[in-house]
Amino acid sequence: MIHMLRVEIDPVSPSPEVIAHAARLLRSGRLVAFPTETVYGLGANAIDASAVERIYAAKGRPAYNPLIVHVVDHAAARHLARVWPEQADALIAAFWPGPLTLVLPKRPLVPDAVTAGLPSVAVRMPAHPVARALLAAAEIPIAAPSANRSMLLSPTTGEHVERSLGASVDLILDAGPTPVGIESTVLDLSSPEPTLLRPGTITLAEIESVIGPIVNAERRRSGETSPRRSPGMLDRHYAPRGRLLLATTSDLPLVVLGEAATARSVGVLLIHAHTDAAHVVQMPNDPLAYASKLYGALHALDDAGCDVIVVERVPDDPEWLAVRDRLSRAAS
Ligand code: TXA
Ligand code: MG
């Protein structure tokens, strides 16, 4: 069993033997892909710089894009941070374990390879039982970006990881689909103004209800007044292989018709619209349920060979911010 690349593991009560094996691999500098509640992560020992370098090589990730460090508990997070702002305690009490990543000033023990040379480190305590068991058994912080080739779609199943990274990983813990489905919210607490760097299912409003007003880096960026603070937030990202187009509910049928004239195969993600196309996926009219299905649906359309994917625009409301963000990056 254990010599296989991808091993199935129960998402609720993971086998201690398999977890122990994965933990040993991590402690000896190898790469283990594992499920979190958001997406699968490609893990390495965060305090071993050469193990961390392997993550960049396996993903083809540019060296300027820093990684998130996963920790088993609050104390392990504090161990990595040089300064611990008051807001961090309140946010952790409200949202950990869960899909909220905090960027904090780093201690010297965090290698530059993890932070891409930045003076700050991104940390989160995941909620998935497999991730938690792995962190507890390994007794080290685990650096883990999403377990996909750089610039492509994040993986929400073990098969996605295997297809994207294959044998460049030492072990894939396959616990089936991840429940949240899109990457964590990233909040920068390393400077006086708390700043949202990446929207996620923990919303701006939920964060503000705990620590008061925060800055949305995306909104500020469009005002051209400050540099982008998250080097990983390249515009094109989280993208399927096929070309992705966004269309309003009323325009969608015509856009699909137009594309069908030249495309090999058109895929469609819709909520309300009606259309005929080779591959139509009905998406839920709820932001959390939509996020949970999004990457799985895009992977499926990629796998079906769609060279064009037309996506019905989602509502403009704040609760849909994270889904809009991923869709507009995939379309750009
Ligand atoms: O849900 C998630 O966050 C998943 C799971 C595996 O935990 N991980 C994930 O990692 O999405 P990745 O590497 O695909 O995205 C990490 C993001 C990037 O946008 C990166 O630029 C940002 O976090 N980041 C990491 N360290 C940072 C730092 N010190 N300052 C600013 N941004 C940072
Ligand atoms: Mg990623």
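What about residue 16, is it touching a residue at least 12 places away in the same chain (Cβ under 8 Å) and over 22 Å from the mean Cα position of the chain (by Cα)? Against the criterion (touching a residue at least 12 places away in the same chain (Cβ under 8 Å) and over 22 Å from the mean Cα position of the chain (by Cα)), residue 16 qualifies. Looking at the structure I just gave you, is residue 172 of a type outside the set (Asp, Glu) and either within 12 Å of ligand 2 (Cβ to nearest atom) or open to solvent by 10 Å² or more (accessible area, probe 1.4 Å) (or both)? The answer is no for residue 172. Of all the listed residues (167, 143, 147), the sole one being touching a residue at least 40 places away in the same chain (Cβ under 8 Å) and open to solvent by 50 Å² or more (accessible area, probe 1.4 Å) is 167.
Residue-wise test of (1) out of contact with any Leu (no Cβ under 9 Å at 6 or more places or on another chain); (2) of a type in the set (Asp, Glu); (3) open to solvent by 20 Å² or more (accessible area, probe 1.4 Å); (4) within 21 Å of residue 185 (Cα to Cα).
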residue	(1), (2), (3), (4)
5	no, no, yes, no
9	no, no, no, no
52	no, no, no, no
57	yes, no, yes, no
61	no, no, yes, yes
90	yes, no, yes, yes
95	yes, no, yes, yes
115	no, no, no, yes
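Just give me the residues in segment 23-40 being touching a helix residue (DSSP H, G or I) at 6+ places or on another chain (Cβ under 6 Å), buried (at least 18 other Cβ atoms within 10 Å of the Cβ) and of a type outside the set (Ser, Thr, Tyr), in sequence order. Scanning segment 23-40 gives 23, 26, 31, 32, 33, 34, 35. Of the candidates 72, 18, 39, 110, the single residue that is assigned by TED's automatic domain parsing to the domain that holds residue 125, at pLDDT 95 or above, of a type in the set (A, V, I, L, M) and within 15 Å of ligand 2 (Cβ to nearest atom) is 39. For segment 83-99, a residue qualifies if it is within 19 Å of the chain's Cα centre (by Cα) and outside any helix (DSSP H, G or I), and the qualifying residues are 96, 97, 98, 99. Taking segment 137-161 as the range and being polar (S, T, N, Q), farther than 17 Å from residue 11 by Cα and in contact with a helix residue (DSSP H, G or I) (Cβ under 7 Å, 6 or more places away or on another chain) as the test, the residues that pass are 148, 150, 154.
The residues of segment 63-82 that are assigned to a helix (DSSP H, G or I) and open to solvent by less than 10 Å² (accessible area, probe 1.4 Å), listed by number, are 77, 80. Of everything listed in (1) within 29 Å of residue 205 (Cα to Cα); (2) within 16 Å of ligand 2 (Cβ to nearest atom); (3) open to solvent by 10 Å² or more (accessible area, probe 1.4 Å), the single unmet condition for residue 155 is (3).
Within the set 161, 103, the sole residue that is within 13 Å of ligand 2 (Cβ to nearest atom) and in contact (Cβ under 8 Å) with a residue 12 or more places away in the chain turns out to be 161. The one condition from (1) surrounded by fewer than 19 Cβ atoms within 10 Å (Cβ to Cβ); (2) part of a loop (DSSP other than H, G, I, E, B); (3) near ligand 1 (Cβ under 10 Å from one of its atoms) that residue 109 does not meet is (3).
Go through (1) hydroxyl-bearing (Ser, Thr, Tyr); (2) more than 8 Å from ligand 1 (Cβ to nearest atom); (3) under 17 Å from the mean Cα position of the chain (by Cα); (4) open to solvent by 10 Å² or more (accessible area, probe 1.4 Å) one by one and return the number of the condition residue 185 breaks. Single failed check for residue 185: (4). Residue count for segment 23-41 under the criterion of being within 15 Å of ligand 1 (Cβ to nearest atom) and within 11 Å of residue 171 (Cβ to Cβ): the result is 5.
The values are calculated or read from the model by the stated rules, or taken from the named source; none is laboratory data. None of these values were measured; they are calculated from a predicted model. With ideal geometry, Cβ positions are generated from the backbone for all residues, glycine too; neighbour counts draw on all protein chains shown. We work out accessible area using only protein heavy atoms, side chains counted, and drop any ligands, DNA or RNA first. Shrake-Rupley method; radii C 1.70, N 1.55, O 1.52, S 1.80 Å.
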